[in-house]
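Novice: Okay, here's the structure, questions in a sec.
The values are calculated or read from the model by the stated rules, or taken from the named source; none is laboratory data. What you see is a predicted model; the values in this text were computed from it and never measured. Positions of Cβ are backbone-derived with ideal geometry, glycine not excepted, and every protein chain shown enters the neighbour counts. For accessibility, only protein heavy atoms count, side chains too; no ligands or nucleic acids. Shrake-Rupley method; radii C 1.70, N 1.55, O 1.52, S 1.80 Å.
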Amino acid sequence: MTVNIQYVGVDISETLSTFTEDKLKKIFNRYEFVISANVYFKQDENQHNTGKICNIELSLPGPRIFATSNERNFEVSVRETIKDLERQLEKRKEVYKTH
């Protein structure tokens, strides 16, 4: 399991990194075909209610899977992004079952 976390224009947070790695660990355990994850945290200054952006890209056999969310804080953004990734992974898992 390889997780690469980058903060783009945002201060580095160890608690946010740990929170994200814990959430991604569940995905790595549930879907054994996932190789690595690239996580990007960004902040959009133009949006006042939201603006905390989390992008996660998963590397696995075949095309990569990508999801993003823009929420009021980074923890909610991570949860929403991971929900989107799990939906995509379920579809991909069905493809692997048929072969």
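Novice: At 7 Å along the Cα-to-beta-carbon direction for both Glu21 and Glu75, put a label point, then send me their distance in nm to one decimal.
Specialist: Those two pseudo-labels are separated by 1.8 nm.
Novice: How much of the calculated P(r) for the range 1-64 lies past 15 Å, in percent of all Cα pairs?
Specialist: 55
Novice: Tally the DSSP beta bridges in the chain and give the antiparallel ones as a percent, rounded to 5.
Specialist: 70
Novice: Using 0.36 nm per residue of separation minus the Cα-Cα distance, give me the extension gain between Arg87 and Gln47 in nm, one decimal.
Specialist: Using 0.36 nm per residue and subtracting the Cα-Cα distance, I get 11.7 nm.
Novice: Then there's this: For every helix of n ≥ 4 consecutive DSSP H residues, a contribution of -39,500 (n - 2.57) applies; sum these over the chain, divide by its total residues, and give [θ] at 222 nm rounded to the nearest 500 deg cm²/dmol.
Specialist: Dividing the helical sum by the residues of the chain leaves -14500 deg cm²/dmol.
Novice: Let me ask something else. Suppose all protein chains stay in the model; what accessible area per residue would a 1.4 Å probe give for the range 31-94, in Å²?
Specialist: Ligands and nucleic acids excluded, the figure is 54 Å² per residue.
Novice: May I ask you to rank Val3, Val78, Val95 by accessible area, largest first, using a 1.4 Å probe over the protein chains only?
Specialist: If we order Val3, Val78, Val95 from most to least accessible, we get Val95, Val3, Val78.
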